[in-house]
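The values are calculated or read from the model by the stated rules, or taken from the named source; none is laboratory data. No experiment lies behind these values; they were computed from the predicted model shown. Note that we place each Cβ from the backbone using ideal geometry, even for glycine, and neighbour counts take in every protein chain shown.
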Amino acid sequence: MDNPLKGRDLLTLGDLTPKELTHLLDLAVAQKLEWSQGHRTRPLEGKAVALIFMKPSLRTRVSFEVGVNRLGAHPVVLGGTDTVFSRGETIKDSVKVLERYVDCICIRTFAQSMVEEIAHYSSVPVVNMLTDEHHPCQGLADLLTIKERFGRLAGLNFTYVGDGNNMASTYLLAGALSGMNVTIASPAGFEPAEGVMAQAQGIAEETGARLTIASDPKQAVADANVVCTDTWASMGQEDEHEERTQAFADYTVDESLMAAAAPDAVFMHCLPAHRGEEVTDAVMDAPCSIIYDEAENRLHAQKALLSLILG
Ligand code: CP
Ligand code: NVA
């Protein structure tokens, strides 16, 4: 297959077609195997990638920096007080300067509209490393992890229990693109964004994925091959922690909820987890928990993504 992703942005998973997603995941599987067998190639030698963090990060920061390095490119990490947007310079000016130095701009920030504005001005590809609305790179890693575990994606049942946040939106698009059935169980008032649901439904018409919004966690996990959750208060919502802890009290993923899922069900969480809140220690540490494989796959999925868009 030629490479239709060359030069493209990844602002949400909705930027990919089902075919492009399959190609990307297949490449990630192949590159992961090659790396484990000791093959070392540096397809992005001589390139540079800006990694801009306007929110904290462990996994994204390290997996991108290491991944860019392994591909032979130079990662330029910008965050905290040295972040490019901290001195009142316009997004346009910052982007027009950055693109003279780097071949790709990756950013973690608050509003999705900021990532869109950067992409509007940028002549180099832009990658969303998490916004309040989407986390596409996590979605790629999670699909890779599920595919490794079950050998397929289409027809599996994936249930997310918790806040209708950036991860919930990402999973709706991930399911729609891959043909995986996705159920989101959230308390009233915390459902996923309607616009994303409508977009995902449109894509699902092509792949046959069933997308469902539910409220009862026990009913929602029946037949689930994957049970997944995320923090109840995302970055930027720290002040709402107490109020949200009450609203989500019945949405903890514990052993009894896992027992209501399919017998081969696995547990996933993008991390960081708040043990004792959205998930218990017993589930985090159970044999069915694949959270660390999921974290590792950030590296492999993003390497495949960058290989394609910068290839
Ligand atoms: N899952 C994830 O994006 O983790 P970080 O916030 O640590 O990057
Ligand atoms: N929903 C979480 C995901 C963290 C990776 C947040 O945005 O904080």
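Quick rundown of the values:
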| read-out | value |
| --- | --- |
| Pair list, Cβ < 7 Å and 6+ apart or interchain, from the stretch 34-46 residues that are closer than 12 Å to LYS303 by Cβ to residues that are outside any loop (DSSP other than H, G, I, E, B) and of a type outside the set (A, V, I, L, M, F, W, C) | PRO43/SER307 |
| Matching option when the condition is within 27 Å of THR212 (Cβ to Cβ), surrounded by 16 or more Cβ atoms within 10 Å (Cβ to Cβ) and within 16 Å of ligand 1 (Cβ to nearest atom), among ASN225, ASN297 | ASN297 |
| Residue that is nearest to ligand 1 (Cβ to nearest atom), among those in the stretch 176-208 that are free of Cβ contacts under 8 Å to residues at least 40 places away in the same chain, in a loop (DSSP other than H, G, I, E, B) and in contact with a Gly (Cβ under 6 Å, 6 or more places away or on another chain) | PRO192 |
| Test: residue in the stretch 26-33 that is outside any loop (DSSP other than H, G, I, E, B) and modelled with pLDDT under 95 | no |
| In the stretch 78-94, residue modelled with the highest pLDDT [restricted to those that are within 24 Å of the chain's Cα centre (by Cα) and not in a strand (DSSP E or B)] | PHE85 |
| Residue identified as within 16 Å of ligand 1 (Cβ to nearest atom) and without any contact (Cβ under 8 Å) to a residue 60 or more places away in the chain among SER289, SER256 | SER289 |
| Residue among GLY179, GLY162, GLY195 that alone is closer than 22 Å to THR245 by Cβ and either crowded, with 24+ Cβ neighbours inside 10 Å or of a type in the set (Gly, Ala, Ser) (or both) | GLY162 |
| Selection status of ASP132, more than 18 Å from LEU44 (Cβ to Cβ), in contact (Cβ under 8 Å) with a residue 40 or more places away in the chain and either more than 16 Å from ligand 1 (Cβ to nearest atom) or not hydroxyl-bearing (Ser, Thr, Tyr) (or both) | yes |
| Selected residue (only one of ALA295, ALA286, ALA304 is over 24 Å from SER234 (Cβ atoms), part of a helix (DSSP H, G or I) and either in contact with an Asp or Glu (Cβ under 9 Å, 6 or more places away or on another chain) or within 14 Å of ligand 2 (Cβ to nearest atom) (or both)) | ALA304 |
| Selected residue [among the hydroxyl-bearing types (Ser, Thr, Tyr), touching a helix residue (DSSP H, G or I) at 6+ places or on another chain (Cβ under 9 Å) and under 27 Å from LYS55 (Cα atoms)] from THR229, THR212, THR207 | THR229 |
| Hits in the stretch 259-286 (condition: away from ligand 1 (no atom under 16 Å from the Cβ) and not charged (D, E, K, R)) | ALA259, ALA260, ALA261, ALA262, PRO263, ALA265, VAL266, GLY276, THR280, ALA282, VAL283, ALA286 |
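Yes/no per residue for (1) over 27 Å from GLY175 (Cβ atoms); (2) within 16 Å of ligand 2 (Cβ to nearest atom); (3) surrounded by fewer than 18 Cβ atoms within 10 Å (Cβ to Cβ):
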residue	(1), (2), (3)
LEU58	no, yes, yes
GLU89	yes, no, yes
ARG108	no, yes, no
GLN112	no, yes, yes
GLU116	no, no, yes
